[in-house]
1. Using 1/(1 + (r/R0)^6) with R0 = 25 angstrom and r between the beta carbons of residue 74 and residue 38, what's the FRET efficiency to the nearest 0.05?
2. Ordered by packing density, taken as the mean number of other Cβ atoms within 10 Å over each peptide's residues, highest first, how do 70-78, 27-35 rank?
3. Can you sort 13, 55 by how many other beta carbons sit within 10 Å, fewest first?
4. log₁₀ I(q)/I(0) of segment 29-76 at q = 0.19, 0.27, 0.30 Å⁻¹, via Debye over equal Cα point scatterers, no solvent, to two decimals?
5. Grab the Cα-Cα distance for residue 29 and residue 59, subtract it from 0.36 nm times how many residues apart they are, and report the gain in nm with one decimal.
6. List every residue whose amide H lies under 5 Å from the amide H of residue 47, counting only residues 5 or more places away in sequence or on a different chain, with H placed 1.01 Å from N in the peptide plane.
7. Report the local net charge at residue 21: Lys and Arg +1, Asp and Glu -1, summed over other residues whose C-beta lies under 12 Å from its C-beta.
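Throughout, read-outs are computed from the coordinates displayed, never taken from laboratory work. Note that the structure is predicted; figures quoted are calculated from it, not measured. As a convention, Cβ positions derive from the backbone with ideal geometry for all residues, glycine included, and neighbour counts pool all protein chains shown.
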Amino acid sequence: MSTRGKKEKPPFEPGLIPAPGALLDWRDNQHFDRWQDRPCALCEQPTPMRSHDGEPVHKTCAEDWISQNPSEARRLGWFASDVQPNRRRDTHHA
């Protein structure tokens, strides 16, 4: 049976957990659900934001949680930034 007409989404791979006090880089549009707000996993207020696992969470709530629980954040891998593409460096100088 074929999945004709149905596009497979590429995996949504998390990057690094930011240091306590640093900001998450959530530029990918998969962090935003434009159709449905759900209660944040941390503050229970409605949010369209989603973690890499699809968990509803405000970006600021996730950043605060990382600051308050840095060891647990790294151990569990929760609330990571997006994977950063390798940047091309311009090595041609005039």
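1. On the way: r = 26 Å, r/R0 = 1.03.
That pair, residue 74 with residue 38, gives E of 0.45.
2. On the way: 70-78: 13.3, 27-35: 11.2.
The peptides rank, most packed first, as 70-78, 27-35.
3. Values: 13 10, 55 15.
Least crowded to most crowded, the residues run 13, 55.
4. Results for segment 29-76 at q = 0.19, 0.27, 0.30 Å⁻¹ read -0.58, -0.98, -1.10.
5. Details: separation 30, 0.36 × 30 = 10.80 nm, distance 1.32 nm.
Extra length from residue 29 to residue 59 when fully extended: 9.5 nm.
6. 38, 40
7. Result for the local shell: -2.
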